């Protein structure tokens, strides 16, 4: 099944709701190995998976760390409805030595999709509701795990939610980290399209040129429809705009096959949830624009892939240069596109430990 990650939106191309969920029982032994590798045995460690109601909807939460005394990171996944939990076995284990990492499947996503009748959730699929869910979860985590504050981090679509949560409730967070940040959807679409067009011309790719010219000028003054975005996302990603130097990313899209956190139905629900949320969020997503935010209430860090043409880094760097915040830093990942946690996981961890973790440690020491 071909999958295209749209500008903050992951799309399953050609997906039909009647699709049969595959039988992956042959991979059980491999999943058992992953599960054994992931087991946390340290005396002060934590490894929990449970569901809790956020905004009246059951949502799955995953909490992992080697030491409960470490700062807690709330990591908001992308997509929408492209959960991180079935992929964390690929990159997160070293992070857990320095942080307690919390991931959750948002409403309509992954394991959370199967918990509630979609018809009862449908009317709540709005950006502000996702922001309020994240805030509600942060409050819950503070209470359950006796945290003063959390570090908030978002990836791709999750940065839309994360920025909104940080701006609305800065009192909950030590800092905000945007990974593949969405600042302005329209500007991101323009930069991404122009990159693909330039590459197609450089390589004399007749198929790509035909596709891209069919939607030009893009985004232009026409509506950003699902059909136009499919074309606009296809070629930047083909030219390494999703994963640097690669035209496909099966390591990510197929990660759930080896995840011990999901059963076959839940693996199938990843795609179901994506289709369910995409059309409902698209009208709001295309109008996302944080470019007018000139004051940010907490320290802000932007992790930018040099080759990211899914949520291009250019608008993020321009925004960061102008914004005023208690502290700010932009970090370029020279060998990454959009998938920084997978492409340069080591550099990302070092940056989090050196630059972000001390903010939480200092606050704790000061007895805040």
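Numerical summary
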item: Residue 149, sole failed condition from (1) farther than 25 Å from residue 332 by Cα; (2) crowded, with 23+ Cβ neighbours inside 10 Å; result: (2)
item: Listing of helices (runs of 4 or more DSSP H) fully contained in the range 205-280 that carry 2 or more residues being modelled with pLDDT under 95 and either farther than 21 Å from residue 82 by Cα or touching a strand residue (DSSP E or B) at 6+ places or on another chain (Cβ under 7 Å) (or both); result: 226-236
item: Some residue of the range 298-307 being surrounded by fewer than 18 Cβ atoms within 10 Å (Cβ to Cβ), in contact with a strand residue (DSSP E or B) (Cβ under 6 Å, 6 or more places away or on another chain) and within 21 Å of residue 348 (Cα to Cα); result: yes
item: Qualifying residue in the range 216-229 (condition: closer than 30 Å to residue 90 by Cβ, buried (at least 16 other Cβ atoms within 10 Å of the Cβ) and touching a residue at least 12 places away in the same chain (Cβ under 8 Å)); result: yes
item: Tally, over the range 152-191, of residues that are over 16 Å from residue 337 (Cα atoms) and not in a helix (DSSP H, G or I); result: 10
item: The lone exception for residue 43 - which of (1) in a loop (DSSP other than H, G, I, E, B); (2) surrounded by fewer than 24 Cβ atoms within 10 Å (Cβ to Cβ); (3) touching a helix residue (DSSP H, G or I) at 6+ places or on another chain (Cβ under 7 Å) it fails; result: (3)
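The values are calculated or read from the model by the stated rules, or taken from the named source; none is laboratory data. Because the structure is a prediction, the values reported are computed rather than measured. Ideal geometry is used to build each Cβ from the backbone, glycine not excepted, and the neighbour counts take in all protein chains shown.
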